[in-house]
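*Asks:* Here it is, the structure in full.
The values are calculated or read from the model by the stated rules, or taken from the named source; none is laboratory data. Since the model is a prediction, treat every value here as computed from it, not as a measurement. FYI the Cβ positions are ideal-geometry reconstructions off the backbone, even for glycines, and counts take in every protein chain you see.
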Amino acid sequence: MGTFFSSRRGLTVSAAIVVVLLALNGLVAYQNTRVLIDQEHWVGHTQQVLGALDTVRATLSDAETGQRGYILTGQAAYLQPYSSATRQIGPQVDGVARLTADNPTQQRRLPRLRALVATKLAELARTVALRRAGRTSAAVAVVLSGQGKATMDQVRALPDAMRGTEDTLLARRSAAARTAATTATASTAVATLGSIAALVALLALIRRGLAQRARLAEERARFLAGEQATRARAERVTAQLESVLDVLPVGVFIADATGRLLQRNRAAADIWGVEALLAVADVEDDSGGGADGGTMAPPELALAGVLQSGQSVVGQELVIQAPDGRRKTVLDSAVPIRDEAGAVVGGVVAVVDITARKEADRERALLARSNRLLLDSTDEGIYGIDLDGKCTFINRAAAALYGSVPEDLLGKNVHTLMHHSHADGAPYPAAQCPIYQAFRNGRRCRVDDEVF
């Protein structure tokens with residue numbers, strides 16, 4: 001056999017075998033790649049449908065949030081999310097319809113989804129119109145009737161059913177993709193091993209000289225030296241990064257593409273109450289909480305959304321529960337880490353503890369409510385004004401003296417409304433008004449002969 005492979009004919013045959021095996025290897029790899037691309041396309045399509053369903057539900061929630069804010073405050077700025085949602089919801093539902101055009105089951109659910117969205121928008125529009133007309137109590141009554149909540153529950157339930165269908169498709173398609181990947185790996189490995197075997201047989205006929213061996217040894221030594229230098233530089237950079245992270249007042253997590261925790265700073269450990277390096281997924285499962293006070297599933301965290309969609313998430317408010325049982329309110333933000341090809345290979349999470357601020361907000365709200373109850377409990381008319389003379393607060397007794405209600409007087413110039421004339425009907429300039437002098441010059445006054 002040594003004589004055969006030493007001959008020119010033997011070399012030619014060996015080279016031909018290598019070429020044939022390499023060609024077969026390339027053909028198998030091409031076919032497997034096509035299968036993988038097709039399966040990944042359908043997996044991505046299913047994820048697009050899931051994202052579109054989540055967007056529809058989130059848009060309706062935004063509209064409802066804007067409606068509630070406007071009903072409570074009467075300020076037009078709160079209508080911005082409502083107005084934006086009413087413009088976007090139709091195209092978003094159309095987007096779901098386009099994405100599910102290949103699924104008859106989902107198509108049968110779309111008319112019901114459109115009807116529920118229309119019913120919810122009609123209810124929101126009705127309450128907004130009532131509030132604009134000054135009929136706040138009527139608008140609140142509609143909200144408290146539970147009709148809007150019932151509709152919203154149905155809206156949530158229907159996308160959940162559609163998500164169930166898509167999750168089933170996603171599982172089936174993911175399984176098909178894994179099978180295709182396994183097949184591709186096995187077939188490619190077999191073809192590659194055959195090519196390698198033929199190459200080894202061919203290369204065994206070529207004698208390497210001592211000079212070549214020396215050159216290879218030298219290259220290997222250079223490679224090892226470069227690898228050691230790279231590792232040393234990486235360790236120095238890691239140490240510097242740890243030092244910087246540990247002085248930040250913001251909790252920072254760094255995770256890989258699977259959600260596994262790679263690094264965290266001291267502030268992150270303080271916020272979560274985690275002293276050891278743990279998997280981010282474990283922390284989410286055991287400690288997470290939604291902003292509504294319920295147990296939070298990992299997909300609600302900013303990191304989960306970043307790793308799935310590749311889009312940054314900024315300022316998402318969450319309520320978490322640390323291992324010691326304490327509940328905290330945090331702002332959860334995350335950005336993706338990408339490789340040179342643009343693929344997401346990890347994420348950086350920034351967590352800010354705003355528990356104290358939220359508690360302060362609640363205390364201020366309770367204080368404001370207590371002050372309102374106190375003002376409304378007295379029969380004396382009491383009101384407050386700013387430096388422009390506009391009403392900042394007024395109790396019901398004062399409003400009743402004017403023949404109105406507090407909501408109609410807030411923000412209006414009190415002097416112009418009820419103190420504009422003397423008893424004889426002569427104009428009463430604001431600059432001469434003792435109330436005006438009191439808040440302008442800081443002097444207290446008490447009068448008992450003023451006419452309102």
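*Asks:* Only one of ALA29, ALA115, ALA58 is assigned by TED's automatic domain parsing to the domain that holds ALA157, at pLDDT 85 or above and either more than 24 Å from the chain's Cα centre (by Cα) or not in a helix (DSSP H, G or I) (or both); which?
*Replies:* Matching residue, one of ALA29, ALA115, ALA58: ALA115.
*Asks:* How many of the residues in region 120-154 are crowded, with 18+ Cβ neighbours inside 10 Å and of a type in the set (D, E, K, R)?
*Replies:* 3
*Asks:* Something else: Restricting to region 67-77, name every residue that is over 12 Å from LEU121 (Cβ atoms) and either in a helix (DSSP H, G or I) or touching a residue at least 60 places away in the same chain (Cβ under 8 Å) (or both).
*Replies:* ARG68, GLY69, TYR70, ILE71, LEU72, THR73, GLY74, ALA76, ALA77 - these are the residues of region 67-77 that are over 12 Å from LEU121 (Cβ atoms) and either in a helix (DSSP H, G or I) or touching a residue at least 60 places away in the same chain (Cβ under 8 Å) (or both).
*Asks:* Continuing with this model, one more query. Is there a residue being in contact with a strand residue (DSSP E or B) (Cβ under 9 Å, 6 or more places away or on another chain) and modelled with pLDDT of 85 or more anywhere in region 425-446?
*Replies:* Within region 425-446 (the criterion being in contact with a strand residue (DSSP E or B) (Cβ under 9 Å, 6 or more places away or on another chain) and modelled with pLDDT of 85 or more), the answer is yes, since at least one residue qualifies.
*Asks:* Considering region 119-166 alone, what residues qualify as being of a type in the set (Lys, Arg) and in contact with a Lys or Arg (Cβ under 9 Å, 6 or more places away or on another chain)?
*Replies:* ARG156
*Asks:* Go through region 363-452 and tell me which helices (runs of 4 or more DSSP H), entirely inside it, have 3 or more residues that are without any contact (Cβ under 8 Å) to a residue 12 or more places away in the chain.
*Replies:* 434-441
*Asks:* Somewhere in region 324-333, is a residue in contact (Cβ under 8 Å) with a residue 24 or more places away in the chain and part of a helix (DSSP H, G or I)?
*Replies:* Scanning region 324-333, I find no residue that is in contact (Cβ under 8 Å) with a residue 24 or more places away in the chain and part of a helix (DSSP H, G or I), so the answer is no.
*Asks:* In region 241-274, which residue that is closer than 21 Å to ASP324 by Cβ and in a helix (DSSP H, G or I) is modelled with the lowest pLDDT?
*Replies:* Top of the filtered list is TRP272.
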